């Protein structure tokens, strides 16, 4: 018979399980007028999303750099928005990736249209079609200031400062 403290420990572990999440780091580059994006994605989550999108099985460990740029890059471009608008092909540049055993860091640059606003809204819809409970843990770097936010399917948007303030 399991003791009460063991039941409490198991229940606590189940409640604390983080579920599916990605790690995202973003920073605006005013010289290039781009948002630099780094995203760490678990391979199982990414493979499921790519399989749904491409209607074929994809194994991340089997992709070479060119195949990754095509499949993953196209998928990210399709699931990211700036100010509610889908990214055009010339507004998304695949920079590269670091493949690991169970997850990969993916690097891209997102072009920001010329404007006089001091911020844009980045919407991250990546993986929600297969993992609706997933969270994106986003770190935004604005000069010396660093802030973090957790995005969900219900709240998928984060504000990125552009440094256009005149104050």
Identify, by number, the condition in (1) over 17 Å from residue 128 (Cβ atoms); (2) in a helix (DSSP H, G or I); (3) within 14 Å of the chain's Cα centre (by Cα) that residue 66 doesn't meet.
(3)
Restricting attention to segment 94-122, which residues are crowded, with 18+ Cβ neighbours inside 10 Å and assigned to a strand (DSSP E or B)?
94, 97, 103, 104, 106, 108, 110, 120, 122
Pick from 129, 142: which is touching a residue at least 24 places away in the same chain (Cβ under 8 Å) and within 23 Å of residue 89 (Cα to Cα)?
129
Test: residue 82 is touching a strand residue (DSSP E or B) at 6+ places or on another chain (Cβ under 6 Å), farther than 23 Å from residue 54 by Cα and either surrounded by 13 or more Cβ atoms within 10 Å (Cβ to Cβ) or modelled with pLDDT of 95 or more (or both)
yes
Find the residue count for segment 131-167, including only residues that are surrounded by fewer than 17 Cβ atoms within 10 Å (Cβ to Cβ), within 18 Å of the chain's Cα centre (by Cα) and assigned to a loop (DSSP other than H, G, I, E, B).
6
Which residue is nearest to residue 42 (Cα to Cα), if the candidates are limited to segment 69-93 and must be part of a helix (DSSP H, G or I) and within 15 Å of the chain's Cα centre (by Cα)?
72
Hey, can you tell me all the residues within segment 76-91 that are within 16 Å of residue 24 (Cα to Cα) and touching a helix residue (DSSP H, G or I) at 6+ places or on another chain (Cβ under 9 Å)?
77, 79, 82
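The values are calculated or read from the model by the stated rules, or taken from the named source; none is laboratory data. None of these values were measured; they are calculated from a predicted model. With ideal geometry, Cβ positions are generated from the backbone for all residues, glycine too; neighbour counts draw on all protein chains shown.
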